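Working notes, structure below.
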Amino acid sequence: MKITDPAGGEWTVRRQVGAWRRRTRVRWAFEVMDPGLADELVLLIGIPALALTLVLLVLALVELALLLVTLPVVLLLRAMRVIGWGVVVVHTAPPVAVEKETGSVRLRRSRFSTTVLQVGTLAGSARLRGAIAEHLRQGGDVTDPVVDQWLADEHGTVVSREPTLAPEPDKPTTKPA
């Protein structure tokens, strides 16, 4: 589920069903291809872009196939409580400033922070996901002590936490005279 906190930050809270988080996406392969290539540039840009598109597409499809093959085993292990259910919380930082002259957006140095939590049961992951989502809507953070208490109540752990760096200090926008 996607959430926007009062400060304008966007959060995604979801359950991790597969054995691992996907590293590739099929849409990346199609983002490489530019439909507006001129005829003169087909040999210079078109053929390498097509090759890159095919490589990205093959990588994404191989990873997806591996996830689908391992899914029944992972679900069985989770049902038997050998491995836990994951809850993934991703924070997308809002832009720090908008450049006046170019209109481009300058982003924070670390734009995303990802926290992966793991609990023992499917119901526990649903409760934790709902509680974290409501906490984020009210302006909280995943690093708050209340989230640690919810994890302790659900017999869960923090698997990984990649914190967001502090925003860069504002740079003066005036030009020297």
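Remarks
- If you go through the range 144-173 and keep only what is open to solvent by less than 80 Å² (accessible area, probe 1.4 Å), modelled with pLDDT under 80 and in a loop (DSSP other than H, G, I, E, B), you end up with T164, P167, E168.
- In this entry, L57 is excluded by the filter for residues that are within 23 Å of T115 (Cβ to Cβ), more than 17 Å from the chain's Cα centre (by Cα) and modelled with pLDDT of 80 or more.
- Test for L128: is it of a type in the set (A, V, I, L, M, F, W, C), open to solvent by less than 80 Å² (accessible area, probe 1.4 Å), out of contact with any Ser or Thr (no Cβ under 9 Å at 6 or more places or on another chain) and modelled with pLDDT under 85: no
- Residue in the range 45-59 that is on the phi > 0 side of the Ramachandran plot and open to solvent by 30 Å² or more (accessible area, probe 1.4 Å) present: no
- Of V17, V69, all but one fail to be open to solvent by 90 Å² or more (accessible area, probe 1.4 Å) and modelled with pLDDT of 80 or more; the exception is V69.
The values are calculated or read from the model by the stated rules, or taken from the named source; none is laboratory data. Remember, it's a predicted structure, so these values are computed and weren't measured experimentally. Glycine gets a Cβ as well: all are built from the backbone with ideal geometry, and neighbour counts include every protein chain shown. When the accessible area is computed, the model is the full protein with side chains, heavy atoms only, and any ligands, DNA or RNA have been set aside. Shrake-Rupley method; radii C 1.70, N 1.55, O 1.52, S 1.80 Å.
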